[in-house]
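Here's the structure, in structure tokens; my notes come after.
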Amino acid sequence: MIEILNSAELGRAKEAGALVAHILQTLKARSAVGTNLLDIDRWAKAMIVGAGAQSCYVDYEPSFGRGPFGHYICTAVNDAVLHGLPHDYTLADGDLLTLDLAVSQGGVAADSAISFIIGGSKPLESVAMIDATERALYAGIAAAGPGARIGDISHAIGSVLSEAGYPVNTQFGGHGIGSTMHQDPHVPNTGRPGRGYTLRPGLLLALEPWVMADTAELITDPDGWTLRSATGCRTAHSEHTIAITDDGAEILTLPGQALS
């Protein structure tokens, strides 16, 4: 299903996006050496509930997961990259942490992810990998607009990632979003320009470049959710929700937006 939102729904999407961005930045500021992933999940729950919003994750039960997710945020550390199930792990100096959050407010969802390094250690390879996903994300956003095609976005993202030397996995990528978190169209992180669905004003997309340092192969943890690099290498993931407008693409999950 592909949804095209009306102006009222877009207004609620902006509110959801501002909340997601605020929660992620708050959690980033609070995450430090000694922080437990379960603490991050509890903090996320408190902020979501306190805002009168709903988690998109707690009852989420897709075909690729094992039962309901049961937590409020995805927390992926080092070689974990997607769907990281919060568990009893204490962050250490130099850990690469990805926080991925989707929230519904007013019946419309927004989704975003950030990767960052804990503590004072800043491994250069990890910094470069995070930077590559962020540059790829903004290249994809720049390629989005009315009349553009999904392939234009995918090509822009994939070009940045490949030029930076990272293998690109196409099993998981960006997606449509609206009244539910995951919708059509699928947005692979590489592709051919001029192909795929034509973008229209009112369409929401969650774009999410992610990479693993030296492989495109994923393995699944025994928890049935967490996806890791097959080689144990580090990973990074960046994501924004955007709205296609008459003038281009508007980022709904930018930090610093005023909460309603």
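Counting only residues at least eight positions apart within a chain, or on another chain, the lysines with an alpha carbon under 26 Å from that of K14 are K28, K45.
Heavy-atom surface analysis with a 1.4 Å probe gives the chain a carbon and sulfur content of 52 percent of its accessible area.
When the residues S112, S162, S121, S63 are ordered by accessible surface, computed with a 1.4 Å probe over the protein chains alone, the sequence from largest down reads S63, S162, S121, S112. The figure for K122 is an accessible area of roughly 110 square angstrom, using a 1.4 Å probe on the protein chains alone. Between the amide H of L5 and those of L203, L204, distances stay under 5 Å, these residues lying 5 or more places away or on another chain, with hydrogens modeled in the peptide plane.
Three principal axis extents describe the C-alpha atoms of the chain; from largest down they are 46, 42, 34 Å.
Taking each DSSP H run with n ≥ 4 as -39500 (n - 2.57) and averaging over every residue of the chain yields -9000 deg cm²/dmol at 222 nm.
The values are calculated or read from the model by the stated rules, or taken from the named source; none is laboratory data. Keep in mind that this is a model prediction, so the values were computed, not measured. Protein only, heavy atoms only, side chains kept; ligands, DNA and RNA dropped before computing areas. Shrake-Rupley method; radii C 1.70, N 1.55, O 1.52, S 1.80 Å.
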